[in-house]
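The values are calculated or read from the model by the stated rules, or taken from the named source; none is laboratory data. The structure presented is a predicted model; accordingly, all values stated were derived computationally and were not measured. Positions of Cβ are generated from backbone atoms using ideal geometry, with glycine treated the same way; all protein chains shown enter the neighbour counts.
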Amino acid sequence: MRYLPLTPDERRSMLATIGARSIDDLFVDVPEAARLSAPVDLPRFMGEMQVERDLGRLAAKNMTASSVPFFVGAGAYKHHVPASVDHIIQRSEFLTSYTPYQPEIAQGTLQYLFEFQTQVAAITGMDVANASMYDGSTGTGEAVLMAMRVTKRNKAVVSGRLHPHYADVVHTVCGHAGAGMSIEIGGVHPSAPEDLSSRLDANTACVVVQNPDVFGNLADLRVLAEATHAAGALLIVVVTEAVSLGLVMSPGSMGADIVVAEGQSIGVGLQFGGPYVGLFATREKYMRQMPGRLCGRTVDGQGRPGFVLTLSTREQHIRREKATSNICTNSGLMCLAFTIHMTLLGEGGFKRLAQLNHEAACDLADALAELPGVEIPTRSYFNEFTLKLPKPAAGVVSALAKKGVLGGVPASRLYPGDASLENLLIVAATEVNTEECRASFVAALKEVLA
Amino acid sequence: MSMNNQGRPTNIVAGGTDAIVTYTGHRGLMQEEGLSFDRGRSGKWGVDLPEPKNKADRLGGVRRKGEIGLPELSEPEVVRHFVRLSQKNYSIDTGLFPLGSCTMKHNPRLNEKVARFPGFGDIHPLQPQETVQGAWALIDRLAHWLKTLTGMPAVALSPKAGAHGELCGLMAIKAAIEARGEIRRRILVPESAHGTNPATAALIGYTVDTVPATTRGRVDLAALKAKLGPDVAAVMVTNPNTCGLFEDEVLGIADAIHGAGGYFYCDGANYNAIVGRVRPGDLGVDAMHINLHKTFSTPHGGGGPGAGPVVFSEALAPYVPVPFVVAGADGFTNIEQEEDAPAGARPFGRMTAFHGQMGMFTRAMAYMMSHGSDGLRQVAEDAVLNANYILANLKDVMSAPFGDTGPCMHEALFDDEFLKGTGVTTLDFAKALIDEGYHPMTVYFPLVVHGAMLVEPTETESKETLDRFIHAMRSLAAEAKAGNTQGTNRFGGAPYLSPRSRLDETAAARKPVLKWTPPAPKQAAE
């Protein structure tokens, strides 16, 4: 087997050194009844070519984003990733290194984490950011738990327009996390103003709001932030499309206390939902209540600048049951992809990319609004908006797919059972959509609706 | 000095390099590299993007104003920046990385290739289910392999990493107990457990009750039984445990917890030691997470991503969270909502948006198929053989607290007894190993022995590599005992030959600097 360097002779001589008669002697502690005498019933080993062919056949059954006009978003977005990003993350020293527990020989990882933290703090407008969470949704659950720790209160007010998967994750974590934690979820409407302030009370730890929300609406959060702070609660702002931060006022400048974002749009790619990278940032005063790893700057024995993991007394490997979170593994390699892509973009590129996304969405909206029976309830948006169709959106999306167009996410897939949302289609446009793509989409939708 | 016919010296000139102070700060191939943020805004582009039209926006009055503060570099500068950073890292491709409990084994590049097939890497988690039947098929196949290997009837694939898998497992246990109309508040965790075990239990409101170890490095079954009661929800046992030993009373542990109405959670971080030879389902386990980034060799990438599928027993199978894939006559369906779950299923909730770490699923699948059922069994055997070979070759010069109680599994545990009186600590010893060209072993974990050193070679190391490592370890152990025979502070000052010497962690924690700040105040971004 190509991955196993020991030869049969070496195995024999090593057993002799150990003083074992056979390999079975090394498994003597396993109860006899549980020792398998033969391999389990699965296929035998395969060469590289066979594996590649076999899995290639499965891959070929999927309709890929780059091969069709593509407008699917709702928490994951198709963006162009520069070639150098994927090339660099495959360098052995990045790909096959571990958590930087020995900082003297992990400065590469530590420095990019420091740069990542700086980038995340900058684009979110916050004081400090950690070295990543698994993804945006799990980061949101952690943010709610953190707000409960900070305020010593246990109610979370959650916007009805927070991505329902995210809301489910919060619900699952808090529902299990202990006595008295409660979640109030606001009503769901694709565009009407949402009144979350009236749900604030003396037990409210936080308000969780997504911006742009799952239907694409952009909001000015400053009034909500004031009301939240007046009630002694924290404002958690969730951003599922990180590119929006290049064009939209930062959550920090609108009064957020914790910002959680999905970083997938920058450098990571679609990957069918994971691995992604959760961005997590907060105010300096809450730094020690943060979950996850933090990288800090220091000096070495010769006074040279260097980086280490720091404030680890918050973390499970030191604090065990008193840790701020159970998280251990993070999204190191995806952080790196994010950091490289963001470094390539720079200030000018990041802002321009965001502007191009917004313009792509505006152009698409204008074209779709021409279609008879189609309305666009979303007034202010970044690169995603909602269509109101004359018939159920799920069937429309399937019919579009048959025509080779991936035309968005039906709201009913995220909010099943809500008849008022059945005809809504959430549509995203990014810099990858050409005018021709948009025209194909409009033409195909026209046929499907006819 | 001899010269060649062009008058160039051809023999080696004696002399160390230590004394040379370079003008650049670089030391040959070891390049110093500042922060990208030091470069500032320059007007350079690393990505070419078309000119925007700059028509009236529809942002509802929340357009960003002012600077964000990101530096601007061209592509060659960015590439060089990150390549130089990469060269400051040790990796499994560089050399032996015997980090116990973390399982740094070879990461086949075939896995990287497969994960990047557009059919896997360039598909959206919410595109119509009928357009991604190949993805469901892959997920279903991975589930089949994991269930077959572990002898467990169900699996939750969505957890994002090991600790997330623990959370998933304990939530299923909590749901099952609630379904019986009971409330149980305590979880028993052996003192040798990974920190994630008590942290996970505490995260969802359980009280953690620590179970002591025996002098043989195993769970003290009598002490465990004494702690059992009607309020105990589960016991969390790592098997093989963090001392690198198989819990030989595992069936007794399972019987005891089941007898008390609780569940047996197994931390499967060390499953690589038994894959293909032992099925956790035959050990009475109710839930076990599998770190795909350990046992099945998906890359750790400097700390992640991971993937932590959890296999479940019959008793817990109904509680698998959404989403999960079911096979039907006309293809696969992904169950994404609790209300769509088939009869008998009672999903406890959702662990994450979307379906889990697909990029890790494809890599793990390629790895499993490459090995096959026969190769995976050999993986466990070689991992255990390599660890025992190291133990056998080092236990006379180092101190192995459980070295005389029988074979170890995939990792060999040493303590600092052999360093007593030498002035050399476990940390010093580990740092000296860096100068010898190795990544140190795991140190100061598990907590059950003093000054622990946990060595996990894995199955992908050759005998030659192990022999050289053993030579280095024996030499260092001998020198530590003899007292720095080379007249240098080899241990206390180590490492000398790394991009940085020991870093001041105390200063880093006392006054944390967690991001770059501009040297002079700038207009704040809005």
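At least 1 residues that are surrounded by 24 or more Cβ atoms within 10 Å (Cβ to Cβ) in each: list the strands (runs of 3 or more DSSP E) lying fully within region B:268-357 that qualify.
Counting at least 1 such residues, we get B:287-289, B:310-312, B:324-328.
So in region B:358-401, with the set limited to residues that are among the charged types (D, E, K, R) and not in a helix (DSSP H, G or I), which one is farthest from residue A:42 (Cα to Cα)?
Our first condition is that a residue be among the charged types (D, E, K, R); within region B:358-401, this holds for B:363, B:374, B:377, B:381-382, B:395-396.
Restricting the remaining residues to those that are not in a helix (DSSP H, G or I) gives B:395-396.
Working: B:395: 38, B:396: 42 Å.
Only one residue tops the list, namely B:396.
Can you tell me how many residues in region B:28-52 are touching a residue at least 40 places away in the same chain (Cβ under 8 Å), at the interface with chain A (Cβ under 8 Å from one of its Cβ atoms) and of a type in the set (A, V, I, L, M)?
1
For the structure I just gave you, tell me whether residue A:195 is under 24 Å from residue A:282 (Cα atoms), more than 22 Å from the chain's Cα centre (by Cα), surrounded by fewer than 24 Cβ atoms within 10 Å (Cβ to Cβ) and charged (D, E, K, R).
Judged against the criteria, residue A:195 is not a match.
Determine whether region B:223-231 contains at least one residue that is touching an Asp or Glu at 6+ places or on another chain (Cβ under 8 Å) and buried (at least 22 other Cβ atoms within 10 Å of the Cβ).
no
If you take the residues in region A:220-239 that are touching a Gly at 6+ places or on another chain (Cβ under 7 Å) and in a loop (DSSP other than H, G, I, E, B), which one is surrounded by the most Cβ atoms within 10 Å (Cβ to Cβ)?
Among those that are touching a Gly at 6+ places or on another chain (Cβ under 7 Å) and in a loop (DSSP other than H, G, I, E, B), it is A:221.
Go through region A:425-450 and count every residue that is buried (at least 20 other Cβ atoms within 10 Å of the Cβ), assigned to a loop (DSSP other than H, G, I, E, B) and among the hydrophobic types (A, V, I, L, M, F, W, C).
Total meeting the criteria: 1.
Within region B:434-459, can you find the residues that are surrounded by 23 or more Cβ atoms within 10 Å (Cβ to Cβ) and either more than 18 Å from the chain's Cα centre (by Cα) or of a type outside the set (A, V, I, L, M) (or both)?
So the first thing to find is which residues in region B:434-459 are surrounded by 23 or more Cβ atoms within 10 Å (Cβ to Cβ), and the list is B:439-441, B:446, B:449, B:452-459.
Listed by number, the residues that qualify are B:439, B:440, B:446, B:449, B:452, B:456, B:457, B:458, B:459.
Would you check if there is a residue in region A:351-369 being within 21 Å of residue A:294 (Cβ to Cβ) and without any contact (Cβ under 8 Å) to a residue 12 or more places away in the chain?
Checked against the condition, which is being within 21 Å of residue A:294 (Cβ to Cβ) and without any contact (Cβ under 8 Å) to a residue 12 or more places away in the chain, region A:351-369 yields no hits at all.
Looking only at region A:353-395, filter to residues that are assigned to a helix (DSSP H, G or I) and in contact with a Gly (Cβ under 7 Å, 6 or more places away or on another chain); which one of those is farthest from residue B:50 (Cα to Cα)?
Among those that are assigned to a helix (DSSP H, G or I) and in contact with a Gly (Cβ under 7 Å, 6 or more places away or on another chain), it is A:354.
Regarding region A:100-117, can at least one residue be identified that is facing chain B (nearest Cβ under 8 Å) and of a type in the set (Gly, Ala, Ser)?
Yes, that holds for at least one residue.
Can you tell me which of A:307, A:350, A:338 is more than 7 Å from every other protein chain (Cβ to nearest Cβ), buried (at least 24 other Cβ atoms within 10 Å of the Cβ) and under 30 Å from residue B:55 (Cα atoms)?
Exactly one residue qualifies, and that residue is A:338.
Taking only region A:400-424 into account, find how many residues are more than 19 Å from residue A:166 (Cα to Cα) and either surrounded by 18 or more Cβ atoms within 10 Å (Cβ to Cβ) or not assigned by TED's automatic domain parsing to the domain that holds residue A:74 (or both). Even if it seems obvious, please write down each step before you answer.
The initial filter retains those residues of region A:400-424 that are more than 19 Å from residue A:166 (Cα to Cα), namely A:400-407, A:419-420, A:422-424.
Narrowing the set further to residues that are either surrounded by 18 or more Cβ atoms within 10 Å (Cβ to Cβ) or not assigned by TED's automatic domain parsing to the domain that holds residue A:74 (or both) leaves A:400-401, A:405-407, A:422-424.
Final tally of qualifying residues: 8.
For every residue, the table says whether it meets (1) facing chain B (nearest Cβ under 7 Å); (2) under 20 Å from the mean Cα position of the chain (by Cα); (3) part of a strand (DSSP E or B); (4) among the basic types (Lys, Arg).
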{"residue": "A:253", "(1), (2), (3), (4)": "yes, no, no, no"}
{"residue": "A:260", "(1), (2), (3), (4)": "no, yes, yes, no"}
{"residue": "A:268", "(1), (2), (3), (4)": "no, yes, no, no"}
{"residue": "A:276", "(1), (2), (3), (4)": "no, yes, no, no"}
{"residue": "A:281", "(1), (2), (3), (4)": "no, yes, yes, no"}
{"residue": "A:303", "(1), (2), (3), (4)": "no, no, no, no"}
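Output the qualifying pairs, or none if there are none: Cβ atoms under 7 angstrom, residues six or more apart or on different chains, first residue in region B:181-203 and within 13 Å of residue B:229 (Cα to Cα), second residue in a helix (DSSP H, G or I).
Matching pairs, first to second residue: B:184/B:177; B:187/B:201; B:188/B:224; B:188/B:227.
Six or more apart or on different chains, Cβ atoms under 8 Å: show the pairs whose first residue is in region A:215-227 and at the interface with chain B (Cβ under 10 Å from one of its Cβ atoms) and in contact (Cβ under 8 Å) with a residue 60 or more places away in the chain and whose second is outside any helix (DSSP H, G or I) and among the aromatic types (Phe, Trp, Tyr).
A:217/A:381; A:218/A:381; A:218/A:382
Being under 22 Å from residue B:293 (Cα atoms), assigned to a helix (DSSP H, G or I) and at the interface with another protein chain (Cβ under 7 Å from one of its Cβ atoms) is the filter here; which residues of region A:79-99 pass it?
A:88, A:92, A:93, A:94, A:95
In the set B:376, B:391, which member is within 11 Å of chain A (Cβ to nearest Cβ) and touching a Cys at 6+ places or on another chain (Cβ under 8 Å)?
Working: B:376 fails: touching a Cys at 6+ places or on another chain (Cβ under 8 Å).
It is B:391.
Would you list the helices (runs of 4 or more DSSP H) that sit entirely within region B:116-229 and hold 3 or more residues that are under 27 Å from residue A:132 (Cα atoms) and within 7 Å of chain A (Cβ to nearest Cβ)?
Hits in region B:116-229: B:118-121, B:162-179, B:196-203.
May I ask you to list pairs of residues, at least six apart or on different chains, whose Cβ atoms are under 8 Å apart, with the first in region B:230-256 being assigned by TED's automatic domain parsing to the domain that holds residue B:177 and in contact (Cβ under 8 Å) with a residue 60 or more places away in the chain and the second being of a type in the set (Phe, Trp, Tyr) and part of a strand (DSSP E or B)?
Filtered contacts from region B:230-256: B:233/B:263; B:234/B:263; B:234/B:264; B:234/B:265; B:236/B:265.
Whether any residue in region B:103-114 is more than 21 Å from the chain's Cα centre (by Cα) and buried (at least 16 other Cβ atoms within 10 Å of the Cβ) is what I want to check. Let's see the steps before the verdict.
Residues of region B:103-114 more than 21 Å from the chain's Cα centre (by Cα): B:113-114.
Next cut, buried (at least 16 other Cβ atoms within 10 Å of the Cβ) only: B:113-114.
The answer is yes; a qualifying residue exists.
If the requirement is being within 7 Å of chain A (Cβ to nearest Cβ) and not in a loop (DSSP other than H, G, I, E, B), which of these qualifies: B:72, B:112?
Values: B:72 fails: not in a loop (DSSP other than H, G, I, E, B).
Step by step, each of B:72, B:112 is checked, and only B:112 is within 7 Å of chain A (Cβ to nearest Cβ) and not in a loop (DSSP other than H, G, I, E, B).
Under 30 Å from residue A:12 (Cα atoms) and within 7 Å of another protein chain (Cβ to nearest Cβ): which single residue out of B:355, B:371 fits that description?
Only one candidate qualifies: B:371.
Name the pairs whose Cβ atoms lie under 8 Å apart, with the first residue in region B:340-366 and of a type in the set (S, T, N, Q) and modelled with pLDDT of 95 or more, the second surrounded by fewer than 24 Cβ atoms within 10 Å (Cβ to Cβ) and not in a helix (DSSP H, G or I), and 6 or more positions between them or separate chains?
Note: pairs meeting the criteria are B:362/B:117.
Go through region A:105-156 residue by residue and tally those that are part of a helix (DSSP H, G or I), touching a Cys at 6+ places or on another chain (Cβ under 7 Å) and polar (S, T, N, Q).
1
What is the one condition in (1) more than 30 Å from residue A:70 (Cα to Cα); (2) within 9 Å of chain B (Cβ to nearest Cβ); (3) more than 18 Å from the chain's Cα centre (by Cα) that residue A:286 does not satisfy?
Of everything listed in (1) more than 30 Å from residue A:70 (Cα to Cα); (2) within 9 Å of chain B (Cβ to nearest Cβ); (3) more than 18 Å from the chain's Cα centre (by Cα), residue A:286 misses just condition (2).
Quick check on residue A:242: is it out of contact with any Gly (no Cβ under 6 Å at 6 or more places or on another chain) and either among the small types (Gly, Ala, Ser) or surrounded by 23 or more Cβ atoms within 10 Å (Cβ to Cβ) (or both)?
When the stated conditions are applied, residue A:242 does not pass them.
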